[in-house]
Amino acid sequence: MKIASFTAGGRTSFGVVTGEEIVDLAGKTAHASLLDALRAGALDELRKAAAGAKATVALKDVKLLPPVPGAEKILCIGVNYGNRHAEYKDNTEAAKYPSMFFRTPGSFTGHDQPLIRPPESTQFDYEGEIALVIGKQGRRIAKDQAMEHVAGYTLCNEGTIRDWTRHSKFNVTQGKNFDATGSIGPYFVSADAIDPAKPLHLITKVNGEMRQDDTTANLLFTFPDLIAYVSTFMTLRAGDIIVTGTPVGAGARFDPPRWLKPGDVVEISVPEIGTLRNGVADEK
């Protein structure tokens with residue numbers, strides 16, 4: 001099941017995607033948003049409400065939002081694919097635990113919406129990633145039970161203003177949270193549509209050129225590893241998002257670096273989830 005959150009005709013809604021149309025769930029369930037449904041454990045209710053219902057909204061007529069608007073936590077994992085540590089060339093040992101930071105909801109936009117390059121820097125970079133959407137609250141979750149807490153998946157362009165990640169020692173928050181520098185989408189894909197035992201193939205293209213190409217078989221910390229680790233020190237709640245890391249090939253790692261500029265188009269794809277596409281524009 002694919003679910004989109006969107007605005008159309010001056011209102012905000014969500015619904016199940018069928019081909020190029022959406023079964024608008026407004027008024028068909030007691031839930032006002034995907035986040036509400038996740039917190040109520042009501043994905044099956046959404047599936048039943050959409051079954052046999054007529055699609056009433058065309059995808060081409062909506063503005064897609066990040067699939068889970070209002071998520072309590074957006075937790076991002078750094079340096080989590082094989083060979084990523086070597087990209088830094090800092091002669092340090094690989095970390096024993098995941099690297100982490102927060103992002104705010106306002107730092108992300110939806111599918112087909114522009115990524116905004118701020119006037120403070122030209123060092124605007126892309127990072128293609130897979131994101132987990134939590135569907136079941138938990139604390140100190142065991143690894144062998146971790147995937148039971150995943151409601152579904154989406155994609156993320158974890159856009160970064162690189163020079164602003166080095167304003168202070170051990171600090172990346174500034175460069176990761178400029179408004180609308182990243183994106184999440186296009187849809188939420190429920191966990192039952194994806195085989196957790198099969199590696200997911202992630203690719204990132206800029207203007208049609210392949211930049212990142214890897215699979216989750218190359219993760220240093222697997223999805224269950226991340227859920228078990230994060231839930232050790234905080235309660236994971238339904239609707240929380242864990243962005244699981246990017247492969248080698250971000251623009252900063254080229255010589256010279258290949259920064260995003262207005263007019264560029266970034267596409268992040270995983271066959272089972274879809275393609276997240278965004279153009280780049282300067283802040284007005």
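The values are calculated or read from the model by the stated rules, or taken from the named source; none is laboratory data. What you see is a predicted model, and the numbers here were worked out from it, not measured in a lab. Glycine gets a Cβ as well: all are built from the backbone with ideal geometry, and neighbour counts include every protein chain shown. Just so you know, the surface numbers come from the protein's heavy atoms only, side chains and all, with ligands and any DNA or RNA stripped out. Shrake-Rupley method; radii C 1.70, N 1.55, O 1.52, S 1.80 Å.
Details
- Of all residues in the range 237-256, those satisfying the criterion of being in contact (Cβ under 8 Å) with a residue 60 or more places away in the chain and either surrounded by fewer than 21 Cβ atoms within 10 Å (Cβ to Cβ) or outside any loop (DSSP other than H, G, I, E, B) (or both) are 237, 241, 242, 243, 248, 251, 252, 253.
- Taking each residue of the range 182-195 that is modelled with pLDDT under 95 and looking for partners that are in a loop (DSSP other than H, G, I, E, B) with beta-carbon atoms closer than 9 Å, six or more apart or interchain, yields 195/272.
- Test: residue in the range 43-53 that is open to solvent by 60 Å² or more (accessible area, probe 1.4 Å), within 30 Å of residue 229 (Cβ to Cβ) and in a loop (DSSP other than H, G, I, E, B): no
- Residues in the range 265-279 that are open to solvent by 10 Å² or more (accessible area, probe 1.4 Å) and not basic (Lys, Arg): 265, 267, 269, 271, 272, 274, 275, 279.
- Subset tally (residues that are open to solvent by less than 50 Å² (accessible area, probe 1.4 Å) and of a type in the set (Asp, Glu)) for the range 212-236: 2
- Neighbours by Cβ (under 6 Å, 6+ apart or cross-chain): first from the range 111-134, over 26 Å from residue 4 (Cβ atoms) and without any contact (Cβ under 8 Å) to a residue 60 or more places away in the chain; second in a strand (DSSP E or B) and of a type outside the set (Ser, Thr, Tyr): 121/161
- Scanning the range 153-171 for residues that are among the hydroxyl-bearing types (Ser, Thr, Tyr) and surrounded by 24 or more Cβ atoms within 10 Å (Cβ to Cβ), we see that the one that is nearest to residue 249 (Cα to Cα) is 160.
- Residues that are within 21 Å of residue 180 (Cα to Cα), of a type in the set (D, E, K, R) and either in contact with a Ser or Thr (Cβ under 7 Å, 6 or more places away or on another chain) or open to solvent by 30 Å² or more (accessible area, probe 1.4 Å) (or both), drawn from the range 54-73: 63, 72
- Of the numbered criteria (1) among the β-branched types (Val, Ile, Thr); (2) closer than 20 Å to residue 160 by Cα; (3) outside any loop (DSSP other than H, G, I, E, B), the one residue 189 fails is (2).
- Pick from the range 19-42, criterion among the charged types (D, E, K, R) and without any contact (Cβ under 8 Å) to a residue 40 or more places away in the chain, ranking: surrounded by the most Cβ atoms within 10 Å (Cβ to Cβ): 24
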